Amino acid sequence: MSASAPAALQPRLGDRSLFPTLAPVAYLNHAAISPPSLPVQQAIHTIVDDYARHGTAAFMRWAGERQRLRGLLARLIGAEAEDIALVANTTRGVSDIALCLPWRPGDRVLLFQGEFPANITPWQRAAELFQLELEMLPVGDFHRGKGLDHLREALRRPTRLVAVSAVQFQTGLRMPVAEMAALCHESGAELFVDAIQALGVCPLDVGASGIDYLSAGSHKWMMGTEGLACLYVRRDRVAALRPNVAGWLSHEDGLEFLFGGADQLRYDRAIRKRADFVEGGAYNTIGCVALAASLDLILALGVPAIFDHVLTYLDELEDGLCVRGFTSLRARAVSERSGILSVHPPRNVHVADLQRALADGGIACSTPDGALRFAPHWPNDMNAEIPRVLAAIDTALGNP
């Protein structure tokens, strides 16, 4: 079964008609949580209604949607469907790799100070469990144009893995993951990428970039619901992973004893040699249906077109904010920009107070680590919204 959007529900850049109940006049918080579109809501209603009517019988009818979703995610990131696992969230994907890599005591992992904790904590836990050495490099080096040089220098010492976010959540800096992967591979290391702030808005190709592992949740720029993420594992990396997180559904033919007749209950079935061996238990089928409905919209528009749309929106918003005394944290080079514009307000303006005032004015944004962060997506209309955002800013600052 499939819950794809009918023709009347097809998306258009800058058109929020598929979000008819969205309350804020400018929703600029897709870097936190995206509101579900009408096609996503309808897909959820369809599957929930089917389960409500038929219970177990609905399970098999919707099983194919998981496979369809893998194909959509593969198109999104330039991979193959069999290289993708469906997990609960970004952190779970990080943890799965952190727990399953064939570590040796003393293996070295390079992380970055300033990363979102989802891409730090699992490696800290792995370090304690497996006696690893962690080293933190300053992500600010990449803002100053010295990041790759410093990474190259750090990789002179034997390193097992480098973990980085494709886009930094505080500033929106898009990291040079292809160049980082090349440096890693030259030195015998591997690259793990947390892509939750990239997938759905920034073009990203895991094959062309040489990424070894990638995890990304669905509830931000992919515009699905909470509780689902994709985990990509490069094909030639799977065999080395240890199935330390395997569960009952990690086996080949794991469902056979439920549907294959008598004498099928066995505990010696092989663990799958695919990325999806980490899918050890019951599926989030509703989340899969929701994400598939959203990816249908995103892929119909095309991520490059969405990215250009968002960059144009942020260019104009950034100009208006800078005129009003805000300091932009956005990268100067387009190649380093993402769907995020973060700014610091004028002196003596408290960022949390400003964010609350904007929320009262119908402007949804967020304040990660003291920055005011704006994150539009494909439905945002800059002609209708930016004047209202700037007017709300003026009101909050007391500008005439």
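The values are calculated or read from the model by the stated rules, or taken from the named source; none is laboratory data. Values in this document were obtained by computation on a predicted structure and should not be read as measured data. Neighbour counts are summed over all protein chains in view; Cβ atoms, including those assigned to glycine, are modelled from backbone coordinates with ideal geometry. Accessible surface is based on the protein model in full, side chains and every heavy atom, while ligands, DNA and RNA are left aside. Shrake-Rupley method; radii C 1.70, N 1.55, O 1.52, S 1.80 Å.
On the chain, 52 percent of the accessible area sits on carbon and sulfur atoms, based on a 1.4 Å probe.
For the pair the stretch 294-329 / the stretch 37-104, the C-alpha centres are spaced 28 Å from each other.
What does the charge dipole of the stretch 180-329 about its Cα centre add up to, to the nearest 20 debye, if the Cβ of each Lys and Arg holds +1 and the Cβ of each Asp and Glu holds -1?
Numbers: 11 positive and 20 negative charges, 90 e Å.
For this selection, approximately 440 debye.
Take the Cα of residue 133, step 7 Å toward its Cβ, do the same at residue 299, and the gap between the two points is 4.4 nm. Taking the DSSP beta bridges with both ends in the chain, the antiparallel portion is around 45 percent.
Taking amide hydrogens as placed 1.01 Å from N in the peptide plane, the amide H of residue 175 sits under 5 Å from those of 167, 168, each at least 5 positions away in sequence or on another chain. Working note: Karplus 6.51/-1.76/1.60 with θ = phi - 60° gives the stretch 92-97 the couplings 4, x, 4, 4, 4, 6 Hz, where Gly and Pro are set to x.
What net charge is computed for the residues neighbouring residue 163, neighbours being all others with C-beta under 10 Å from the C-beta of residue 163, Lys and Arg scored +1, Asp and Glu -1? Once all neighbours under 10 Å are counted, the net charge is -3. Count Lys and Arg as plus one, Asp and Glu as minus one, and take only other residues whose Cβ is under 11 Å from that of residue 112; the net charge is then -4. Among 67, 86, 55, whose Cα lies farthest out toward the positive end of the dipole of the stretch 1-121, if unit charges sit on the beta carbon of Lys, Arg (+1) and Asp, Glu (-1)? Of 67, 86, 55, it is 55. Taking a ≥ b ≥ c as the square roots of the eigenvalues of the Cα gyration tensor, the chain is classed as oblate, since a/c reaches at least 1.5 and a/b does not exceed b/c. The charge dipole of the chain, taken about its Cα centre with unit charges on the Cβ atoms of Lys, Arg (+1), Asp and Glu (-1) only, comes to about 260 debye. Between 92, 266, 61, the Gaussian network model of the chain with springs among Cα atoms under 10 angstrom shows the greatest mean-square fluctuation at 266. Multiplying the residue separation of residue 179 and residue 124 by 0.36 nm and removing their Cα-Cα distance gives an extension gain of 17.3 nm.
Please give the contour-minus-distance gain from residue 270 to residue 48: 0.36 nm per residue of separation, less the Cα-Cα distance, rounded to one decimal in nm.
On the way: separation 222, 0.36 × 222 = 79.92 nm, distance 3.31 nm.
76.6 nm is the gain from fully extending residue 270 to residue 48.
Backbone geometry of the stretch 344-360 corresponds, through the Karplus equation with coefficients 6.51, -1.76 and 1.60 at θ = phi - 60°, to 3J(HN,Hα) couplings of 9, x, x, 4, 6, 9, 7, 5, 5, 5, 5, 4, 5, 5, 5, 4, 4 Hz, x marking Gly and Pro.
A simple spin-label model places pseudo-atoms 7 Å from Cα toward Cβ; at residue 351 and residue 237 they are separated by 3.1 nm.
Phi angles across the stretch 322-337 convert, under the Karplus curve 6.51 cos²θ - 1.76 cosθ + 1.60 with θ = phi - 60°, into 3J(HN,Hα) values of 5, 4, 8, x, 7, 9, 7, 9, 6, 5, 6, 7, 4, 5, 9, 9 Hz, Gly and Pro given as x.
For the options 239, 85, 371, a Gaussian network treatment of the chain with springs between C-alpha atoms closer than 10 Å singles out 239 as fluctuating the most.
Under a 1.4 Å probe, what is the accessible area of the chain per residue, stated in Å²?
Per residue, the chain has an accessible area of 42 Å².
A Gaussian network model of the chain, with springs between Cα atoms under 10 Å, assigns the largest mean-square fluctuation among 164, 139, 40 to 139.
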